[in-house]
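For reference, the structure discussed in these notes is given below.
The values are calculated or read from the model by the stated rules, or taken from the named source; none is laboratory data. The shown structure was predicted, so the numbers you read here are calculated from the model rather than taken from an experiment. Neighbour counts are summed over all protein chains in view; Cβ atoms, including those assigned to glycine, are modelled from backbone coordinates with ideal geometry.
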Amino acid sequence: MTEDIRAAAEAAGLTFVHIPIRGGAMTPDDVARFKAALAELPQPILGYCRSGTRTTYLWALSQAGERQAEEIVALAAAAGYDVSPLGPRLEG
C-alpha cells in the first residue's frame, strides 16, 4: 500500500517520505527523522497515519526545544489531539 501512496503522491508532483512507526514504539531516531523532514521538505507538509495520533506525537516531540511545552499542547489540542501524556518530553 505504501508504494501505491508513493506513486500517487509523485504523480501529483508531491515529495513522499515514509517514516514507519510500529505501534507505540516511537524512538528518538523516528523523531529525528521526522524533524529533519520538516526542515528539509517543501512546505506545506501533510503528515498522516491511521488515526493521526502517532503523527501528532512525532510533530509534538519534534517541536520540543523549539516551542514552549504549553504551546505544543495547545496547538495539538486545537487540531483535536491530546499530547499531554508526553509530559516532560515536551520540555526539550
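Looking at the range 61-68, is at least one residue of a type in the set (A, V, I, L, M, F, W, C) and under 13 Å from LYS35 (Cα atoms)? Spell out the reasoning first.
First, pick out the residues of the range 61-68 that are of a type in the set (A, V, I, L, M, F, W, C): 61, 64.
Filter once more, keeping what is under 13 Å from LYS35 (Cα atoms): 61, 64.
Yes, the range 61-68 has at least one match.
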Under 6 Å by Cβ, and 6 or more places apart or on different chains, what pairs join a residue from the range 1-26 that is closer than 20 Å to GLY52 by Cβ with one that is polar (S, T, N, Q) and exposed (fewer than 12 other Cβ atoms within 10 Å of the Cβ)?
-> HIS18/THR2
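Restricting attention to the range 39-52, which residues are of a type in the set (A, V, I, L, M, F, W, C) and out of contact with any helix residue (DSSP H, G or I) (no Cβ under 6 Å at 6 or more places or on another chain)?
Applying the first criterion (of a type in the set (A, V, I, L, M, F, W, C)) to the range 39-52 yields 39, 41, 45-46, 49.
Listed by number, the residues that qualify are ALA39, LEU41, ILE45, LEU46.
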ALA78 passes all but one of the listed conditions (1) under 25 Å from ILE5 (Cα atoms); (2) at pLDDT 95 or above; (3) over 13 Å from the mean Cα position of the chain (by Cα); the exception is number (1)
Sort out which residues of the range 16-63 are surrounded by 12 or more Cβ atoms within 10 Å (Cβ to Cβ) and either touching an Asp or Glu at 6+ places or on another chain (Cβ under 6 Å) or farther than 23 Å from ALA78 by Cβ (or both), and write them in order of number.
-> PHE16, VAL17, ILE19, ILE21, ASP30, ALA32, ARG33, ALA36
Which residues, taken from the range 44-92, are free of Cβ contacts under 8 Å to residues at least 24 places away in the same chain and among the β-branched types (Val, Ile, Thr)?
-> ILE45, THR55, ILE72, VAL73
What about SER84, is it surrounded by 13 or more Cβ atoms within 10 Å (Cβ to Cβ) and not basic (Lys, Arg)?
-> yes
Qualifying residues in the range 1-45 (those that are basic (Lys, Arg) and in a helix (DSSP H, G or I)) - the one nearest to LEU90 (Cα to Cα) | LYS35
